[in-house]
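The values are calculated or read from the model by the stated rules, or taken from the named source; none is laboratory data. Keep in mind that this is a model prediction, so the values were computed, not measured. Please note: Cβ atoms are built from the backbone with ideal geometry, for glycine as well, and neighbour counts cover all protein chains shown. These area figures cover heavy atoms from the full protein model, side chains too; ligands, DNA and RNA do not enter into them. Shrake-Rupley method; radii C 1.70, N 1.55, O 1.52, S 1.80 Å.
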Amino acid sequence: MNDEKQTTYRIGPIRPPSEANSLLLQITEGCTWNRCKFCELYKHEGFKAFTVESIKRDIDVMAEYAEIAKDYQREDGSWNKKAALEKLNRMTREEKNCYYLVYRWLVNGGENVFLQDGNSLAVKTERVLEVLRYLREKLPSIQRVTTYGRAETLSKISVEQYKELKAAGLDRIHSGFESGSDRVLDLINKGVTSEQEIIAGKNIRESGIELSVYFMPGIGGKALSRENAMETARVVREINPDFIRIRTAVIKEGTELWRDYLNGSYKLCSENEKLTEIKLLIENTKDCTGILASDHIINLLQEIEGKLDTDQQKMRSVIEKYFNMPESEQRIFQLARRSGMVTRPEDLDLLPSEHLEKLARLAGSIADEALWDRKLNDMMTNFI
Ligand code: SF4
């Protein structure tokens, strides 16, 4: 590539874990709200929407890299990785990054694209439509395009507009609802009401676009733990989203919610309270057909996953099995899981006895429940 031509494209900081193999196209930067009390993702930057022309130029660069990379695909579909990556030697660091992401995307099927950043549908629908059409034209292997949106923004988009977005190639919207309780939403300063969540969710579902919402067990703190679950279940029942993704609450040092914790106005939920919230959500959404997904290491029991209507028993038995463990063993598992040593309680059997003894000593050394909850919260911050 010569010097005059644009040879890199923008890459934003976030994407959902389910979009790990997706190509990332940044159409906005930052978040329009930026005031949630648990979030510090974009605290140092304002919201910016990029021009359609500049986004198209980014897509052109992606398409060009895709053409280069495709030369290294063999007839049987396999890839000559060594030759494909030799290209990197002649590129700048930024170019390498951009080329490698396109190459990796193609190797993984070249099917999914995620439009970044935190609230991309805040820009005018016409602009998103133009971007979607251009993207699909330039990269025809695309099968699915997804993006993030705040419920407050999403509630202002009509069914007709969503239908246009769907026709232009937007397939799925992720939205961090976190909770369906208005009191919890207020507490965390989400800037959204449960009514807005319901309007947004129903409009999206009616248009045929898939909806993936995020639920944070524990984010309401001890005082609102049950309400967090029950009200979220109410919102889920109203909308019946395609996916409900669990993101167990972790309160990071430096956030406003952390300050509330330090001044005593916010009490951290225990691991068992957070699990009870998930149990309540499952039990109270039996007639929903969506998938409860636990696709993040931050969740204590990642096996809790399945369809809300048909996998009730399977999901509940994972939770019940854990609750049937002696409390001392639950604590050992919590420590091992939060240290990244194990995935499931059964994995404790695979740990060397000296590790188990060390965990047991540590678990036994903190009797105070609030201190224990803080210890685990601190350990969890390593994963976000
Ligand atoms: S809407 Fe999302 S990105 Fe924006 S402040 Fe809240 S949690 Fe952070």
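Remark: spin-label model distance Lys222-Asp186 equals 2.2 nm, labels positioned 7 Å along the Cα→Cβ axis. Using a simple spin-label model with pseudo-atoms 7 Å out from Cα toward Cβ, Asn80 and Arg104 lie 2.3 nm apart.
Expressed as a whole percent, the accessible surface of segment 98-237 that belongs to carbon and sulfur atoms is 46, based on a 1.4 Å probe. Over segment 326-384, the alpha carbon radius of gyration divided by the compact-protein estimate 2.2 N^0.38 Å works out to 1.06. Within the chain, all pairs of alpha-carbon atoms sorted by distance into 20 Å bins from zero give the percentages 26, 52, 22, 0.
Remark: spin-label model distance Lys56-Arg144 equals 2.9 nm, labels positioned 7 Å along the Cα→Cβ axis. For segment 289-384, the relative contact order works out to 24 percent when only alpha carbon pairs closer than 8 Å and six or more residues apart are counted.
By per-residue mean of other Cβ atoms within 10 Å, what is the highest-first order of 49-62, 228-241, 310-323?
For the peptides 49-62, 228-241, 310-323, the packing ranking is 228-241, 49-62, 310-323.
Bridge orientation summary for segment 17-325: considering DSSP beta bridges with both residues in this region, about 20 percent are antiparallel.
Mean sequence separation of contacting Cα pairs (under 8 Å, at least six apart), scaled by the length of the chain, corresponds to a relative contact order of 12 percent. Helices assigned as whole DSSP H runs in the chain whose Cα atoms extend at least 27 Å along their own long axis and whose mean Kyte-Doolittle hydropathy is 1.6 or higher are not found.
Of the accessible area of segment 326-384, computed with a 1.4 Å probe over protein heavy atoms only, carbon and sulfur atoms account for 54 percent. Which residue fluctuates the most in the chain, going by a Gaussian network model with Cα springs under 10 Å, if the choices are Lys70, Lys82, Lys267? Among Lys70, Lys82, Lys267, the largest GNM mean-square fluctuation belongs to Lys82.
Just to confirm, what accessible area per residue do you get for the chain at 1.4 Å probe, in whole Å²?
Per-residue accessible area for the chain comes out at 45 Å².
Surface composition of segment 18-60: carbon plus sulfur atoms contribute 51% of the solvent-accessible area (1.4 Å probe, protein chains only, all chains present).
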